[in-house]
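Engineer: Take a look at the following structure, please.
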Amino acid sequence: MGFLSIFLGSIGLGIGFVLGVCLGFYFFIYSDPKIEEFEDPVVKPLSELDVTGLLDLIPEIPLWLKNPDYDRVDWLNKFVSSMWPYLDKAICASIRQTTEPILADYIGHGHRPIEAITFETLSLGTLPPTFQGVKVCETNENQLVMEPAIKWAGNPNVVLGVKIYSLHIKIQLVDLQVFLVPRVVLKPLVPAFPCFSTVIVSLMEKPHVDFGLKVLGGDVMSIPGLYQFMQDIIIKEVAKLYLWPQTLEIPILDPTFGIVKKPVGVLHVKVVQATKLMKMDILGLSDPYVKLKLSGEMRPSKKTTIKKRTLNPVWNEIFKLVVTDPQAQTLQVNVYDWDKVGSHDRLGMQVVPLKMLTPNETMELTLDLLKNTNIVDPHKKQQRGQIMLEMTYAPFKDDNEVFSGPLTPVKRENSVGSGCESPSGFGAGVLLVTIQGAEDVEGEHHSNPYAMVIFRGETKKTKRIRRTRDPKWNEEFQFMLEEPPIQDKIHIKIMSKRSRMSFHYKESLGHVDINLADVVYNGRINHKFNLIDSKNGLVHVELRWRET
């Protein structure tokens, strides 16, 4: 009897287990649960909370109260709260537009059983995110850096309908909570609305993401172990994509719009000679000289010396021009006849695209001079002589090639070609000086500041800004050099000037001398320097050395 009881009990247990699984599966699959609507949380005043409740609230205290680096932004929270119904619709429309093509890839391809995936309901709810404070970081770069602390305990209503083998399954996202501190960088700042070209976002620490997920009315997150597993996966994937130094870049303006292109190399041009130029003087001769300029540049043209009374001048003069776009720029060559009175007559011109040059290789060119570049001009074929040039494009070294130790003379083979090689053996380069602005510069009689950059006897000036102690210039100056300026200093002087001649017409507001050795070794320095002979004045200067 004992054995028979055990045997029959085992059979009953097996049948009951199978029946229970079948019934549970049936109700799980074919039940049609109603999607729950979530109510706003109940808010109690602090006076009604006990000690445990108050301790639970400590992590919720906004950062502007705990951290003096963060500023209170109640106005921003009010703005977001007022705009939230409209932001909700706009964000949800963007989510649909972005995700629907992605979801379509999982429908009906190959042996996939999924027949349809649709958003039955998509709303971010009535509770907007809250900014717990914003920290604005000061940098010397041409950018704006912010770190907002964002908390969102929302009540979204997101229902995704999935059809598998004619079975309709509803998946609902509930109780979403997101806490994160992103770093938002607006760069570079440009003189065109909205005054920044790109938004760069990265997370400074791993975010906190919490949510519930209901399938057919049952919360799958209540399954033991699944909640923590999903939490770890989501946080790890988000951190992998956006945790600093990983970034998300959102372009706002065309990268080339309103942005000054940086130099990428130096064009070495040797004007050798010209032959059979046109006769412009009464005696049948001319006084020719050559002007060189790169397209797209606002800098003055380079000029040769004037050769008196000749139609076959020989110059053998070398010039260096800074290149910003070797694929698009052209060298404009103009030959003029010098006159004492009136304008100078153009004897001929020619254009040379830089893209035809091989970097660090010299090209010898003999060019037929033209009247202009108009192909339908009947006078274009008139003989105007020829000009001979030697051209070499020398690109700058990459940033990782900038030397960081003591310099030793190195013979540079084929660096600039015949006639263009630096006699010292060092590579030629460009010293780029950007005067960003100044702070707390005030004169005794007036404050109309401008900056003077003095280097090796050459002086360059910024524009004058009237009636300010904190001028912003953001003007760049270039100095072509045959070798790195290791032993040199650059003198920067802040001056003030009245509009009209009077007593105290000019006034010095301070100056600074900057050693260039660090600039050469590091490649770049961006710093605010204390002004000498000024009480609290500072000048913001960016120095870069680019060597070919």
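The values are calculated or read from the model by the stated rules, or taken from the named source; none is laboratory data. On a predicted model such as this, the values are computed, not experimentally measured, just so you know. Neighbour counts run over all protein chains shown; Cβ positions are idealised from the backbone, glycine included. Remember, those area values only see protein heavy atoms, side chains included, never the ligands or the DNA or RNA. Shrake-Rupley method; radii C 1.70, N 1.55, O 1.52, S 1.80 Å.
Engineer: Which one of 305, 310 is open to solvent by less than 40 Å² (accessible area, probe 1.4 Å), of a type in the set (Ser, Thr, Tyr) and more than 39 Å from the chain's Cα centre (by Cα)?
Structural biologist: 310
Engineer: Output the residues belonging to the range 313-340 that are open to solvent by less than 50 Å² (accessible area, probe 1.4 Å), under 43 Å from the mean Cα position of the chain (by Cα) and free of Cβ contacts under 8 Å to residues at least 60 places away in the same chain.
Structural biologist: 317, 319, 321, 329, 330, 333, 334, 336
Engineer: Can you confirm whether the range 397-410 contains a residue that is among the basic types (Lys, Arg), in contact with a strand residue (DSSP E or B) (Cβ under 6 Å, 6 or more places away or on another chain) and at pLDDT below 90?
Structural biologist: Looking for residues that are among the basic types (Lys, Arg), in contact with a strand residue (DSSP E or B) (Cβ under 6 Å, 6 or more places away or on another chain) and at pLDDT below 90, one finds at least one in the range 397-410, hence yes.
Engineer: Taking the options 504, 540, name whichever one is at pLDDT 95 or above and either outside the structural domain of residue 454 (by the TED database) or open to solvent by 20 Å² or more (accessible area, probe 1.4 Å) (or both).
Structural biologist: None of the other options fit; the residue is 540.
Engineer: Follow-up question, since we're still on this one. Taking the conditions exactly as written (open to solvent by less than 70 Å² (accessible area, probe 1.4 Å) and either touching a residue at least 60 places away in the same chain (Cβ under 8 Å) or aliphatic (A, V, I, L, M) (or both)), does residue 73 satisfy them or not?
Structural biologist: yes
Engineer: Residues of the range 111-158 being polar (S, T, N, Q) and within 32 Å of the chain's Cα centre (by Cα), which ones?
Structural biologist: 130, 132, 139, 140, 142, 143
Engineer: OK, next. For the range 515-537, what are the residues that are surrounded by 20 or more Cβ atoms within 10 Å (Cβ to Cβ) and more than 25 Å from the chain's Cα centre (by Cα)?
Structural biologist: 516, 531, 534, 537
Engineer: Output yes when any residue across the range 465-479 is surrounded by fewer than 17 Cβ atoms within 10 Å (Cβ to Cβ), among the β-branched types (Val, Ile, Thr) and touching a residue at least 40 places away in the same chain (Cβ under 8 Å), and no when none is.
Structural biologist: No: the range 465-479 contains no residue that is surrounded by fewer than 17 Cβ atoms within 10 Å (Cβ to Cβ), among the β-branched types (Val, Ile, Thr) and touching a residue at least 40 places away in the same chain (Cβ under 8 Å).
Engineer: Working carefully through the options 265, 296, find the one that is open to solvent by less than 10 Å² (accessible area, probe 1.4 Å), over 21 Å from residue 368 (Cβ atoms) and in contact (Cβ under 8 Å) with a residue 24 or more places away in the chain.
Structural biologist: 265
Engineer: Among the numbered criteria (1) within 19 Å of residue 263 (Cα to Cα); (2) modelled with pLDDT of 90 or more, which single criterion is violated by residue 300?
Structural biologist: (2) is the only condition that residue 300 fails.
Engineer: Considering only the range 70-84, I want to know if a residue exists there that is farther than 27 Å from residue 171 by Cβ, part of a loop (DSSP other than H, G, I, E, B) and β-branched (Val, Ile, Thr).
Structural biologist: Checking the range 70-84: at least one residue is farther than 27 Å from residue 171 by Cβ, part of a loop (DSSP other than H, G, I, E, B) and β-branched (Val, Ile, Thr).
Engineer: Being outside the structural domain of residue 141 (by the TED database), within 22 Å of residue 396 (Cβ to Cβ) and touching a Pro at 6+ places or on another chain (Cβ under 9 Å) is the requirement here; does residue 475 meet it?
Structural biologist: For residue 475, the condition - outside the structural domain of residue 141 (by the TED database), within 22 Å of residue 396 (Cβ to Cβ) and touching a Pro at 6+ places or on another chain (Cβ under 9 Å) - is not met.
Engineer: How many residues are touching a Lys or Arg at 6+ places or on another chain (Cβ under 8 Å) and either surrounded by fewer than 16 Cβ atoms within 10 Å (Cβ to Cβ) or of a type in the set (Val, Ile, Thr) (or both) if we restrict to the range 195-214?
Structural biologist: Number of matching residues: 4.
Engineer: Against the definition (open to solvent by less than 70 Å² (accessible area, probe 1.4 Å) and under 20 Å from residue 266 (Cβ atoms)), how does residue 509 come out, yes or no?
Structural biologist: Judged against the criteria, residue 509 is not a match.
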